[in-house]
Every structure is written in C-alpha cells, then in structure tokens.
C-alpha cells in the first residue's frame with residue numbers, strides 16, 4: 001500500500017515550500033513512495049525554490065516544464081511517473097492537515113468499491129490563515145457509482161463542491177478514465193469527477209483536511225466568462241451521456257446561483273443580481289436562487305444589518321476583506337484560571353495580554369480567577385473574577401457563558417486547559433470560533449497519550465488558532481495531536497516594569513538583614529523540584545568546595561509549591577555548608593532589587609515527568625536588571641536565553657555549572673559581559689509582539705512599529 005503525491009506549480013515559489021512541508025509532515029508519511037512536482041514554466045524565483053525543495057527528501061521528483069501545458073495535462077504527466085496504488089492531488093499553494101492521508105487511505109482500504117475519497121476543507125485569504133473557515137461540502141456518497149448509478153447525477157446537479165487538493169484516488173480508476181482532459185483549461189476537475197463517478201463510488205471524510213488559499217491570481221479568480229466554461233463542461237458530459245441533457249439548465253442555474261452569491265460577498269452587487277436573475281430563468285423552481293436574487297436586488301441593506309457579522313467572516317475567508325484593520329475592530333474575551341496578582345507564567349501572560357489589548361483601545365472582557373490570600377488592587381472595568389484558582393464551578397461557568405453570549409463579535413482566547421474545556425463546550429453549541437494558549441507543563445499532562453489527552457483532543461482540534469509559549473511546548477503538543485497550520489508560537493514578553501530601577505532597600509525582613517556587600521546568588525520562581533533549587537545548592541556547594549569560590553548567600557524567592565521540598569532544601573544546604581534564605585513570595589520591587597543585587601541568577605530546571613519549563617519568564621526578568629543566568633537546556637529555555645549561550649548546560653552537569661558559577665562570581669568583567677548580552681536579547685521578546693501573534697486582527701501596522709527584529713524561533717531554526 002503506497003501513495004504518490006501529484007503537485008502542480010506555476011509561479012508559486014512563495015507558497016510551495018509550505019505545501020511540500022505539509023506533505024512531508026503527514027502522520028502517515030511512510031505511505032508516500034513519491035512526490036512528483038510538475039512545473040509549468042515558472043519564473044526564475046520559483047525555479048530556485050523548487051531546486052532547493054528537491055534536496056529535502058529523496059522521494060521528491062520535479063518535472064521542469066517549458067510552459068503552456070496547462071494544469072490538467074501537468075497532472076497527467078506527473079501521474080505517468082507514478083506506480084503506487086493511490087494518487088493524491090495537491091495544488092502548489094494549498095496545505096494539508098497532518099492527518100489527511102491517514103484518514104483517507106484508511107477509507108479506501110476498507111472498501112474496494114470506493115475509487116475516490118474527498119474531504120471538507122478550510123478556505124482562507126492569502127496571507128491570513130487565522131481567518132480560515134470551514135467551507136462545507138455536500139455528502140453525495142450515498143449515491144451509487146457506475147454507469148447506471150445515481151452518483152454522477154447527484155454530482156451533476158449539486159456540485160458538493162469537491163476540491164482537487166482534497167482527493168485521494170485509486171490509480172487504476174484514474175487510468176481507466178484517462179485521467180484529466182488536457183483540452184479543458186477551466187473546470188477540468190468537474191469533468192474529471194463526472195467521469196470518475198461512472199466507474200466507482202466516492203467516499204467522504206467529513207472533516208476539514210486541507211487549507212484552500214484564496215488568491216485573485218488563481219485560474220478562476222476574477223474571470224468574467226465562468227458561466228461559459230460551466231456550460232461547456234456540462235454540455236460535453238451531456239453529449240457523452242444524452243440522459244443528462246434535460247438536467248443541463250438545472251446545473252447551470254445552480255452554478256449561476258453560487259457565482260451570484262460569491263459576487264455579492266466580493267462586493268459586486270450588480271454582477272450578483274445578474275447571475276442570480278439568470279439562475280431563476282434557467283430553473284424557475286430554484287427557490288434559493290429566487291431568495292438570493294430578491295435579497296440582493298431589493299433588500300441589500302436589511303441583509304447587511306441582519307447578517308453583517310456572518311457575511312464579514314465569509315468575506316474574510318475568501319479574501320474579500322484584505323485586513324480586519326479596514327473594518328470596525330471587534331472585541332475580545334480572555335479567559336483564565338490564573339491572573340495577577342497571582343505569580344507565574346499563565347497569570348503574567350493573561351495580565352499582560354489584556355493590558356496590551358486595552359492600550360490598543362480594544363474592548364476586552366477578562367473572565368478570570370480571584371486569588372484569596374494575595375493583595376488585590378481595584379480591577380479595571382471589564383474584569384470579571386468569576387473563577388477560583390485552577391477551578392471553574394457550575395455557577396462561574398454559567399456566568400462566563402453569559403459574557404460570551406453578550407460579546408457576539410468577540411475574539412475568544414482560552415489561556416489555559418481548564419478554560420479551553422469551558423470555551424470548547426460553549427463553542428459546540430454556539431458554533432463560534434475560539435483560540436487557545438498552550439503552556440509547557442499543561443501540555444506535558446496529555447502529551448503521552450493519556451486519558452486526559454483523549455478528552456482534550458476535540459477541544460484543541462476545533463480551535464481556530466493554537467498558540468504555544470515556545471517551540472518546545474508546541475513540539476510536545478504536536479507529538480500528541482499532529483501538526484497543523486493553525487498551530488503557531490507566540491513567545492511571551494518582558495514586562496517594562498521589570499526594567500525599572502529598584503528601591504534602595506528590601507521590604508522583606510529576611511532580606512533587610514543582608515549586608516550591603518553580601519555576595520548573593522538567587523533563584524526566583526515557584527519553589528518546586530522542576531525549578532531545580534536542590535540542584536542549584538549542589539552547584540554552589542561544588543563551586544565553593546572544588547573551585548575555591550568565596551562563600552555566597554543563596555536566596556530562593558517564590559511560592560512553596562511542593563510539600564516538604566523547602567525542608568529538603570534546608571537540609572541539603574546545611575549538609576553542604578551553603579547559606580540559604582527561603583523568602584516565600586516576594587513583592588515585585590523586592591524581586592527587582594534581588595536581581596539587581598545578585599551576582600548570578602540560577603535556574604537549574606529539571607525535565608521531570610509531569611512538569612517542564614515551557615518558557616522561563618524569570619530569564620527575561622533577571623536580564624532586565626542586568627543579572628546573568630546560569631541555566632539548563634530544558635523545555636523552552638534555549639529559545640529564551642539563546643541557542644549558543646555559554647551559560648546553558650545539561651540538567652545533570654553539576655561540575656561544569658559549578659566551574660562556570662565560580663568564574664562568574666570571581667570575575668566582574670565576565671559577569672557584566674554576560675549581563676549585557678542577556679539584556680540585549682530582551683529586544684526579541686515583547687508583549688506587543690505576543691499580542692500580534694495571538695490577535696493578528698489587532699496587530700499594530702508594520703509601518704507604525706519602530707523595528708522588526710528576527711524572532712527567537714527563526715534564530716533557533718538557523
């Protein structure tokens with residue numbers, strides 16, 4: 001059992017790398033025996049891209065054509081190079097979801113009578129995949145195939161539609177009908193599907209398995225003669241099958257209706273009315289055509305008032321709206337079970353995202369948690385503390401649903417796994433889109449195929465965007481759920497308050513007793529085993545014992561999360577002769593002063609089974625006070641601190657970390673150099689950039705931004 005992939009290309013150098021990657025990233029990529037790309041005389045830029053792609057995988061074969069052969073003939077040419085059982089077709093600017101081949105080949109294997117499997121798909125405008133929406137296709141597979149069957153009739157009258165980039169076909173059936181008709185340059189796929197319906201059954205995977213890019217330069221984009229081509233294909237088929245002659249007017253009426261609706265979405269009201277009126281003349285019983293014609297001709301304003309939001313989403317998906325910046329900006333709803341003043345990555349992320357959106361004059365509703373025991377300040381308008389820390393009760397869920405129902409135009413973000421479930425349930429009934437944010441330790445809970453992972457799967461797969469705080473976090477997620485164009489990295493940022501000069505004195509009583517010339521090493525963050533405070537004690541002890549480092553005071557600031565862990569730290573420190581101070585939670589000002597006073601910050605993060613350092617905000621906070629960090633290459637840390645940083649080590653490399661710590665503490669110039677490099681790296685991380693990735697609809701226009709820097713993700717790839 002094998003599949004050959006047929007890709008056609010003409011001047012699509014901008015797009016085809018993503019197209020080919022979506023093939024190579026298939027969960028069942030082992031089924032692929034060959035990837036044939038037939039180029040139809042593209043420009044030099046595209047040829048250069050294709051030459052690079054040819055080196056990616058030995059299965060890739062490229063046919064460099066002279067040009068003018070056309071799409072159908074190029075597909076046939078590529079198919080002639082294939083000998084596999086199945087053929088899958090893909091246009092050079094479309095993208096597959098990771099599980100496409102696996103699902104469709106499984107259906108073909110289960111039923112020898114099925115010769116073609118198609119699927120639903122996403123439509124999106126060029127350059128804005130975030131605006132993708134499920135297109136919707138008809139299921140005509142209940143009709144039987146073959147010369148006497150009703151499948152061809154069902155397709156002829158309804159046109160599901162079937163998109164070539166969604167299909168997998170049996171090669172023997174493809175060859176039986178002679179492939180595509182090379183003489184037909186427009187709607188060759190319609191002709192192909194009609195002839196395939198005569199020799200086999202069709203199968204449907206009723207899930208979106210492909211992203212269809214909307215481009216004005218596509219073959220049918222912007223053509224004024226589409227009805228003539230529809231008529232040609234319909235009459236060609238009827239000439240071969242005379243029983244279809246009486247059905248030609250009905251087919252053309254349906255095609256005119258759909259074209260009229262599309263023209264209405266594109267803003268061509270005159271063209272819409274003309275096509276819809278034609279549809280009513282071709283088939284006086286086509287009530288949908290009558291309704292569309294009357295609405296477009298006489299009730300345009302009423303339609304826009306009643307269905308404006310729904311139409312806007314459809315227009316965005318087909319590229320009629322170039323950018324949401326040209327439209328009235330929608331509101332946003334951010335939901336989370338952690339929120340400031342609670343410390344930690346999720347709470348900080350939510351608080352900063354909400355603040356950044358409000359700076360941009362976006363109407364934001366923050367449906368978040370209250371945290372008993374933490375000093376609370378007055379919340380801004382639009383903040384609803386319905387949840388408890390990491391808990392959503394029935395009453396609070398109903399209150400959240402009420403906010404979501406009131407914000408009909410809102411872009412919805414679930415910032416953690418619990419609110420993802422809540423929003424996913426709401427979206428199931430409301431059919432509204434939503435997006436989610438991933439954090440390292442949360443993803444780890446279901447990355448191993450656990451029951452929780454199976455329960456969470458539908459909530460993540462229905463999301464319009466899946467964002468992760470690092471590439472490492474996203475990799476964990478994609479190992480469990482597969483890759484998708486909806487997935488993207490949205491790095492966290494550095495809070496501008498972190499750069500502010502600290503107070504001259506500590507507020508915490510234990511820190512007030514520190515001498516002005518105290519030699520301090522610190523770790524800030526939750527006091528738990530994954531943060532590696534125990535390993536940091538071992539590093540300090542080895543530096544003092546083996547490398548002659550002058551004694552230091554090790555300050556550990558943060559909430560106590562692991563029961564018994566603080567006691568274990570104190571016992572280990574006493575045994576090793578290391579002076580430690582366990583402060584508990586510190587004020588923001590004390591945190592800044594601690595970094596400022598410390599010679600080195602240590603984060604010996606450990607890769608434990610249930611938690612991982614997905615990002616490492618403390619790395620940025622320390623750098624903002626010119627404090628260098630010795631750390632480990634766990635989770636997203638290398639992306640934050642830099643892949644070539646000399647202060648990143650394996651989690652168990654205590655001796656080398658000890659030697660490095662001793663060197664830094666003994667050499668002020670070395671410390672200042674490391675601190676300056678860390679501070680310079682802060683430019684790569686901003687909450688503005690994070691919000692741009694999370695909410696591209698509210699992105700600051702590029703010409704208003706001070707600079708565009710390389711992203712940490714591109715740096716890691718390099």
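The values are calculated or read from the model by the stated rules, or taken from the named source; none is laboratory data. Note that the structure is predicted; figures quoted are calculated from it, not measured. Every residue, glycine among them, receives a Cβ derived from its backbone with ideal geometry; neighbour counts consider all protein chains shown.
What are the pairs, 6+ residues apart or on separate chains, where a residue within region 670-688 that is free of Cβ contacts under 8 Å to residues at least 12 places away in the same chain has its Cβ under 7 Å from a residue that is assigned to a helix (DSSP H, G or I) and surrounded by 18 or more Cβ atoms within 10 Å (Cβ to Cβ)?
Between residues of region 670-688 that are free of Cβ contacts under 8 Å to residues at least 12 places away in the same chain and residues that are assigned to a helix (DSSP H, G or I) and surrounded by 18 or more Cβ atoms within 10 Å (Cβ to Cβ), the close pairs are 670/664.
May I ask you to verify whether residue 101 is assigned by TED's automatic domain parsing to the domain that holds residue 191, surrounded by 21 or more Cβ atoms within 10 Å (Cβ to Cβ), in a strand (DSSP E or B) and at pLDDT 90 or above? Explain how you work it out, then say what you get.
Numbers: assigned by TED's automatic domain parsing to the domain that holds residue 191: yes; surrounded by 21 or more Cβ atoms within 10 Å (Cβ to Cβ): yes; in a strand (DSSP E or B): no; at pLDDT 90 or above: yes.
No; evaluated as a whole, the condition is false for this residue.
Just checking, which of 541, 536 is more than 41 Å from the chain's Cα centre (by Cα), modelled with pLDDT of 95 or more and buried (at least 20 other Cβ atoms within 10 Å of the Cβ)? So that I can check it myself, show each step before the final result.
Details: 536 fails: more than 41 Å from the chain's Cα centre (by Cα).
Exactly one residue qualifies, and that residue is 541.
In this structure, does residue 623 turn out to be surrounded by 24 or more Cβ atoms within 10 Å (Cβ to Cβ), under 15 Å from residue 601 (Cα atoms) and in contact (Cβ under 8 Å) with a residue 12 or more places away in the chain? Even if it seems obvious, please write down each step before you answer.
Values: surrounded by 24 or more Cβ atoms within 10 Å (Cβ to Cβ): yes; under 15 Å from residue 601 (Cα atoms): yes; in contact (Cβ under 8 Å) with a residue 12 or more places away in the chain: yes.
Answer is yes for this residue.
Looking at this structure, is residue 618 assigned to a loop (DSSP other than H, G, I, E, B), buried (at least 23 other Cβ atoms within 10 Å of the Cβ) and modelled with pLDDT of 90 or more?
In short, no.
Yes/no matrix, rows are residues, columns are (1) farther than 28 Å from residue 431 by Cα; (2) in contact with a strand residue (DSSP E or B) (Cβ under 9 Å, 6 or more places away or on another chain):
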| residue | (1), (2) |
| --- | --- |
| 339 | no, yes |
| 350 | no, yes |
| 364 | no, yes |
| 373 | yes, no |
| 376 | yes, yes |
| 386 | no, yes |
| 394 | no, no |
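Can you name every residue in region 55-67 that is exposed (fewer than 13 other Cβ atoms within 10 Å of the Cβ) and closer than 13 Å to residue 21 by Cα?
Answer for region 55-67, where residues must be exposed (fewer than 13 other Cβ atoms within 10 Å of the Cβ) and closer than 13 Å to residue 21 by Cα: just 55.
Run down 517, 561 and say which single residue is assigned by TED's automatic domain parsing to the domain that holds residue 660, without any contact (Cβ under 8 Å) to a residue 40 or more places away in the chain and under 21 Å from residue 635 (Cβ atoms). Give the derivation first.
On the way: 517 fails: under 21 Å from residue 635 (Cβ atoms).
Answer to the selection: 561.
In region 122-150, which residues are assigned to a helix (DSSP H, G or I) and in contact with a helix residue (DSSP H, G or I) (Cβ under 9 Å, 6 or more places away or on another chain)?
Filtering region 122-150 down to residues assigned to a helix (DSSP H, G or I) leaves 129-131.
Matches in region 122-150: 130, 131.
Give the residues of region 24-55 that are more than 17 Å from residue 6 (Cβ to Cβ) and without any contact (Cβ under 8 Å) to a residue 60 or more places away in the chain, sorted by residue number.
Hits for region 24-55 are 30, 41, 43, 44, 45, 46, 47, 48, 49, 51, 52, 55.
Only one of 678, 683 is in a helix (DSSP H, G or I) and under 27 Å from the mean Cα position of the chain (by Cα); which? Talk me through it step by step, then tell me what you get.
Numbers: 678 fails: under 27 Å from the mean Cα position of the chain (by Cα).
None of the others qualify; the one that does is 683.
In this structure, is residue 50 surrounded by 19 or more Cβ atoms within 10 Å (Cβ to Cβ) and within 17 Å of residue 166 (Cα to Cα)?
Values: surrounded by 19 or more Cβ atoms within 10 Å (Cβ to Cβ): yes; within 17 Å of residue 166 (Cα to Cα): no.
No, not satisfied.
Tell me which residues, restricted to region 345-388, are free of Cβ contacts under 8 Å to residues at least 24 places away in the same chain and touching a helix residue (DSSP H, G or I) at 6+ places or on another chain (Cβ under 6 Å).
Residue satisfying the conditions is 386 alone.
Considering only region 184-210, how many residues are within 20 Å of residue 251 (Cβ to Cβ) and either out of contact with any strand residue (DSSP E or B) (no Cβ under 8 Å at 6 or more places or on another chain) or surrounded by fewer than 20 Cβ atoms within 10 Å (Cβ to Cβ) (or both)? Talk me through it step by step, then tell me what you get.
Step one: filter region 184-210 for residues within 20 Å of residue 251 (Cβ to Cβ), giving 184-198, 202.
If we keep only those that are either out of contact with any strand residue (DSSP E or B) (no Cβ under 8 Å at 6 or more places or on another chain) or surrounded by fewer than 20 Cβ atoms within 10 Å (Cβ to Cβ) (or both) too, we end up with 184-192, 194-195, 197-198.
Number satisfying all stated conditions: 13.
Could you tell me which residue of region 156-174 is surrounded by the fewest Cβ atoms within 10 Å (Cβ to Cβ), considering only residues that are modelled with pLDDT of 90 or more and over 23 Å from residue 100 (Cα atoms)?
Pass one, region 156-174, residues modelled with pLDDT of 90 or more: 156-157, 162-174.
After this cut, where a residue has to be over 23 Å from residue 100 (Cα atoms) as well, the list is 156-157.
Details: 156: 22, 157: 14.
Checking each candidate, the answer is 157.
To keep it simple, each residue is scored yes or no on (1) farther than 30 Å from residue 615 by Cα; (2) modelled with pLDDT of 90 or more; (3) buried (at least 16 other Cβ atoms within 10 Å of the Cβ); (4) assigned by TED's automatic domain parsing to the domain that holds residue 464.
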residue: 280; (1), (2), (3), (4): yes, yes, yes, no
residue: 307; (1), (2), (3), (4): yes, no, no, no
residue: 346; (1), (2), (3), (4): no, yes, yes, yes
residue: 351; (1), (2), (3), (4): no, yes, yes, yes
residue: 354; (1), (2), (3), (4): no, yes, yes, yes
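Within region 244-300, can you find the residues that are under 40 Å from the mean Cα position of the chain (by Cα), closer than 18 Å to residue 227 by Cα and in a loop (DSSP other than H, G, I, E, B)?
Answer for region 244-300, where residues must be under 40 Å from the mean Cα position of the chain (by Cα), closer than 18 Å to residue 227 by Cα and in a loop (DSSP other than H, G, I, E, B): 266, 268.
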